[in-house]
Amino acid sequence: MERMTPQDPAFAAPGRFWKGNIHTHSNASDGMRTPEAVCATYREAGYDFLALTDHFLAKYGFPIVDTRPFRTAAFTTILGAELHAPATALGEMWHILAVGLPPDFAPLQPGESGPALAARAIAAGAFVAIPHPGWYALTAEDAATLPGAHAVEVYNHTSQLRTERGDGVYLADQLLAGGRRIGLIAVDDAHFACMDAFGGWVMVKAEANAPEALLEALKAGRYYATQGPLFHAIAWGAEEVEITCTPAASVMVLGRGSRAAQSVAPGQTRVRLPYAALRPGGFARIVIADAAGRRAWSNPVTFGSESP
Ligand SMILES: [Zn+2]
Ligand SMILES: [Zn+2]
């Protein structure tokens with residue numbers, strides 16, 4: 001059988017990469033800065049876009065903050081919110097990240113569950129992600145009740161700073177091993193009670209820095225997540241994958257369970273890794289880490305039902 005050569009959805013697409021943080025809070029919920037100040041903070045730091053995602057709770061008046069006035073020629077915003085409803089396996093309120101909500105998205109309905117609310121956000125056109133799973137010990141069984149979610153936060157900066165539970169890689173890998181297609185995002189979730197901005201973001205490939213184009217690219221998986229290192233290219237060949245990137249101490253291709261291949265050496269900017277042993281596991285994804293341990297995560301490519 002002829003093997004299909006996978007294509008990274010971001011690097012195979014036209015356009016350029018735009019830098020954005022898609023999980024942030026303002027004083028419209030429990031953040032410390034005004035929406036205008038939060039947008040200015042990211043704009044002045046060189047971000048191309050921001051999604052302000054305040055807590056969509058009755059006590060805050062179910063805010064979908066209108067950030068459109070804070071857009072400029074070089075900086076855009078996507079409307080969104082962090083949604084809440086009962087209840088995870090541990091009995092806590094769900095946290096559900098929804099980016100690209102309409103301004104009139106209806107408040108939580110009587111009896112509405114987290115999964116029902118997530119489904120309603122997806123139906124309304126949002127990119128929906130599972131935020132900070134490590135922060136509140138979300139399980140793969142919980143995640144299975146959100147079958148339409150597009151992504152998992154593999155890194156949440158404020159969760160890392162405040163609780164050392166910022167990592168969500170374990171959940172993404174369990175879902176991928178179960179055959180689910182899911183994207184990997186990194187975010188700040190900044191509240192500015194401490195300096196919790198600029199620790200994790202997404203690089204989204206689109207032809208324009210416009211909300212609609214960015215949202216479409218997010219839903220299609222045309223992005224990667226990072227704490228700093230940048231991918232210049234990820235080229236999948238028939239037997240090897242070639243990664244071109246900013247100087248990396250580790251470059252690795254990871255698959256189902258313990259399947260992996262890697263190159264560990266200082267200052268690597270171009271690495272070829274064999275990945276044939278990963279194909280029977282159904283997916284492969286790339287991770288790089290710089291000398292300071294900061295990582296970047298590609299979205300997975302999948303191999304379908306190809307025979308081992
Ligand atoms: Zn949250
Ligand atoms: Zn949050």
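Couple of notes before you dig in:
- For the chain, modelled as a GNM whose springs connect Cα atoms under 10 angstrom apart, the maximal fluctuation among Arg285, Arg181, Arg68 occurs at Arg68.
- Separation of the stretch 1-42 and the stretch 56-72, taken as the distance between their Cα centroids, equals 18 angstrom.
- Extended-chain gain in nm, criterion 0.36 nm per residue less alpha-carbon gap, Ala124 and Glu92: 9.0 nm
- The length gained on full extension between Leu230 and Ala292, counted as 0.36 nm times the residue separation minus their Cα-Cα distance, comes to 20.9 nm.
- The length gained on full extension between Ala277 and Glu240, counted as 0.36 nm times the residue separation minus their Cα-Cα distance, comes to 12.3 nm.
- Debye, to nearest 20: dipole size of the stretch 25-75, +1 on Lys, Arg Cβ, -1 on Asp, Glu Cβ: 60
- Pairwise label distance in nanometres, Tyr60 with Leu161, each label 7 Å out on the Cα-Cβ vector: 1.7
- Each Lys and Arg adds +1 at its Cβ and each Asp and Glu adds -1 at its Cβ; summed about the Cα centre, the stretch 231-302 shows a dipole of about 200 debye.
- Comparing Leu175, Gly200, Leu218 along the charge dipole axis of the stretch 161-230, the residue lying farthest to the positive side is Leu175, per the Cβ-charge model.
- Expressed as a whole percent, the proportion of Cα-Cα pairs in the stretch 231-302 lying more than 22 Å apart is 14%.
- 23 Å Cα-Cα reach of Lys19 towards lysines, excluding residues that sit fewer than 8 places from it in its own chain: Lys205, Lys219
- Where labels lie 7 Å past Cα in the beta-carbon direction, separation of Ala265 and Met4 in nm: 3.4
- For the peptides 184-196, 231-243, the ranking by mean Cβ contacts within 10 Å, running from highest to lowest, is 184-196, 231-243.
- Local electrostatic count at Leu90 - Lys and Arg +1, Asp and Glu -1, tallied over other residues with Cβ under 12 Å: -3
- Around Pro247: net Lys/Arg minus Asp/Glu count, Cβ-Cβ under 14 Å: +2
- Overall form of the stretch 69-179 per C-alpha gyration tensor (a/c, 1.5; a/b vs b/c): oblate
- Mean Cα-pair separation over length for the stretch 127-265, i.e. relative contact order, pairs under 8 Å, 6 or more apart, %: 17
- Normalised size of the stretch 16-223, defined as Cα radius of gyration per 2.2 N^0.38 Å with N residues, equals 0.93.
- Proximal charge balance of Val65 [Cβ under 11 Å; K/R count +1, D/E count -1]: -2
- Beta bridges by DSSP in the chain, antiparallel share as percent, to the nearest 5: 75
- Given charges at beta-carbon only (K, R positive; D, E negative), |dipole| of the chain in Debye: 560
- The order of the peptides 137-143, 258-264, 125-131, 80-86 by mean Cβ neighbours within 10 Å, most packed first, is 125-131, 80-86, 137-143, 258-264.
- With all pairs of different C-alpha atoms in the average, the Kirkwood value for the hydrodynamic radius of the stretch 1-127 is 16.1 Å.
We did not get these values from a lab; they are worked out from the coordinates using the rules stated. Predicted, not measured: the structure shown is a model, and the values here were computed from it. Note that each Cβ is placed from the backbone with ideal geometry, even for glycine, and that neighbours are counted across all protein chains shown.
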